[in-house]
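K.L.:
Just dropping this structure here.
Since every read-out is calculated from the coordinates, none of them should be taken as a lab result. Since we're looking at a predicted model, the values are computed, not measured. For neighbour counting, all protein chains shown are included, and Cβ atoms are generated from backbone atoms with ideal geometry for every residue, glycine included.
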Amino acid sequence: MFSRCSSYLLKQNGLKKASYPFDWIFTKCNTIKEILNDNFQEFLNKENYIELSPEKCGHKLYHDSMFWHHNPLTNEDHYNYFIRCVDRFKEMLLHLFSFKTPILL
């Protein structure tokens, strides 16, 4: 399981310039692959969220306590935060894959 520790350390040292959807959640590599394969549809689907507390939320498909620092089910600001993170992530991928670099032999 990935740790949110790296995002925290980057933020504390002034090195975190943007947030992305996987920064502050509990997840595994295979879950990230599933989320990417369906273009974040199930990730952002509120019907999959499980309320744990006013500050925390789980996900029926991915992890019982996926959103440990956010509750996108009941807090619209938190939900919009994840939408922005997903949009930013997609933009980053488009930018990265738009470069055509030659293969040096």
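K.L.:
Taking the Cα centre of the chain as the origin, how large is its charge dipole in debye, to the nearest 20, when only Lys and Arg (+1) and Asp and Glu (-1) carry charge on their Cβ atoms?
P.N.:
Its charge dipole is roughly 500 debye.
K.L.:
Highest first, please rank the peptides 55-68, 72-85 by the mean number of other Cβ atoms sitting within 10 Å of their residues.
P.N.:
So the order, starting with the most tightly packed, is 55-68, 72-85.
K.L.:
Please work out whether the range 38-99 counts as rounded, prolate or oblate from its C-alpha gyration tensor, where a ≥ b ≥ c are the square roots of the eigenvalues and a/c under 1.5 means rounded, while otherwise a/b larger than b/c means prolate and anything else oblate?
P.N.:
Prolate.
K.L.:
Here's another thing I want to ask about it. Test of understanding: extend the Cα→C-beta vector of LYS90 to 7 Å, then name every residue of the range 16-55 with backbone N under 18 Å from that spot.
P.N.:
19-23, 32-47
K.L.:
Calculate the length of the line joining the C-alpha centroid of the range 69-101 to that of the range 13-44, in whole Å.
P.N.:
So the separation of the two Cα centres works out to 8 Å.
K.L.:
Calculate how steeply helix 76-98 sits against the longest principal axis of the alpha-carbon atoms of the chain, using the helix alpha-carbon long axis, and give the answer as 0 to 90 degrees to the nearest 10.
P.N.:
The helix 76-98 is inclined about 10 degrees to the chain.
K.L.:
Contact order normalised by length for the chain, with contacts defined as Cα pairs under 8 Å and 6 or more residues apart; what percent is it?
P.N.:
Relative contact order, the chain: 22 percent.
K.L.:
Sticking with this structure for a sec: How many percent of the alpha carbon pairs in the chain exceed a separation of 21 Å?
P.N.:
38
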